[in-house]
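Remarks on the structure that follows.
Bear in mind these aren't lab numbers, they're just calculated from the coordinates by the rules spelled out. Treat the numbers as computed from the prediction; the structure is a model and nothing was measured. Glycine gets a Cβ as well: all are built from the backbone with ideal geometry, and neighbour counts include every protein chain shown.
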Ligand code: PEP
Ligand code: MN
């Protein structure tokens, strides 16, 4: 029916990890059929545009910045929150572009990042055991039996939330908000209270005078006033992703129109599993998370399955080894893939291999570990002569206190102040900017 894409029933008959267990199958079928009739959220041509940009990154001619919440929430679909995330991502991109003089491809974990794989199916509190929270796409965060029941109606809510988020993002990036000539104004209502902030301001002033010079010389085109920004999420829920798949009228190829770039998580990338069987047939650019148990052979086989034709820009490997293991685990994977002659984007996720529980009970990450993994990633690529193509970061535009360290030297006792994530801990605005300066330095070495 969908040009090679297995049917949903065929997918569900394959080994499938991390799927909801809905109490009423008829209700799921109804939601899926409603989703099939709704307009696509993104267009095939946009996905192709991103793939072309990623092909340049794979070739060493650009850098990928992918970032956003671990889990978006329905409550977070409001202008301030979306604007905050966009602003921090665009600020990071500016730092990297200007300081390192490399084009930065900007991709949000946004407008669709609502479903979470979990290591445990249930959670026990005070003697009560309930299903784990699997993201707003599946059930509610609140610890009650009603809220934790898997509800297919939420799939329509992801569609609507993604649509309104994407609408605002598109308005911001094309409507003047991202105009480089107003770069200082982006920060106007940031609290200017840190070294990073001062460093950012100084850089913004430099950019303003460079732009004034260019404009005086007569360069004043569209490119200064708009940016390309893409949406990505983990393609976890087979029902939703399958229902959002459409045939592109120009090429007759299937695209998963729920987002521009989709990634397969560390827990769902089994070669014989349903996620690989589905995503191999859609034409979007794909991310694949690779954790510390990955062998070179696994990575090569996954790339062969998902990209048999070696389409430039199709595959981004997002490695998340942990600061301690990255120097030993990453090189054999890169060697194996590169020795096939295949070109991929190598991106570093310095978050997911560095999570631990603080003594006072918060799931957290340490900014020094995040920096250590990024630095080791750059070192490894430098030693192998390969291109460190990008980073994948969990972050927010707010001044949350979820990760330790950074310019504000957040300590364990600070975590309780503003710990707001629905899932994994995110870098706050200052930590994100600080990381961007560090990456810019590595890129301009
Ligand atoms: C994530 O990106 O939030 C995630 C769950 O990652 P991973 O699949 O790498 O564990
Ligand atoms: Mn996460």
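If you take every DSSP beta bridge whose two residues both sit in segment 298-406, what share of them, in percent to the nearest 5, is antiparallel?
30
Nearest 5 is fine: what % of DSSP beta bridges in the chain come out antiparallel, could you say?
25
Helix-derived [θ] at 222 nm for the chain: sum -39500 (n - 2.57) over DSSP H runs of at least 4, divide by residue count, nearest 500?
-12500 deg cm²/dmol
Return the whole-Å distance between the Cα centroid of segment 20-64 and the Cα centroid of segment 198-272.
Centre-to-centre (Cα) distance: 13 Å.
Based on the Cβ-Cβ distance from residue 379 to residue 223, what FRET efficiency comes out when R0 is 56 Å, to the nearest 0.05?
0.95
Based on the mean of other Cβ atoms within 10 Å per residue, sort peptides 200-209, 60-69 so the most packed one is first.
The peptides rank, most packed first, as 60-69, 200-209.
Jot down the per residue volume, in cubic angstrom and as a whole number, of the convex hull over the alpha-carbon atoms of the chain.
143
Packing-wise, with mean Cβ within 10 Å as the measure, how do 391-399, 333-341 rank, highest first?
Averaged packing, sorted descending, gives the order 391-399, 333-341.
When the Cα centres of segment 321-365 and segment 120-166 are compared, how far apart do they sit, in Å?
Here the answer is 28 Å between Cα centres.
Can you give me the relative contact order of segment 291-445 as a percent, contacts being Cα pairs under 8 Å and 6 or more apart?
Reported as a whole number, the value is 21 percent.
Can you give the relative contact order of the chain as a percent, counting alpha carbon pairs under 8 Å and 6+ residues apart?
The value is 22 percent.
Run through the DSSP bridge list for segment 226-313 and note the antiparallel percent, rounded to the nearest 5.
Of those bridges, close to 35 percent are antiparallel.
Counting alpha carbon pairs within less than 8 Å and at least 6 residues apart, what relative contact order, in whole percent, applies to segment 62-177?
Contact order relative to length: 28 percent.
Which order do the peptides 96-103, 257-264, 212-219 take when ranked by the mean count of other beta-carbon atoms within 10 Å per residue, highest first?
257-264, 96-103, 212-219
Can you pull the Rg over Rh of segment 141-279, Cα-only, Kirkwood?
Across segment 141-279, the Cα-based Rg/Rh ratio is 1.11.
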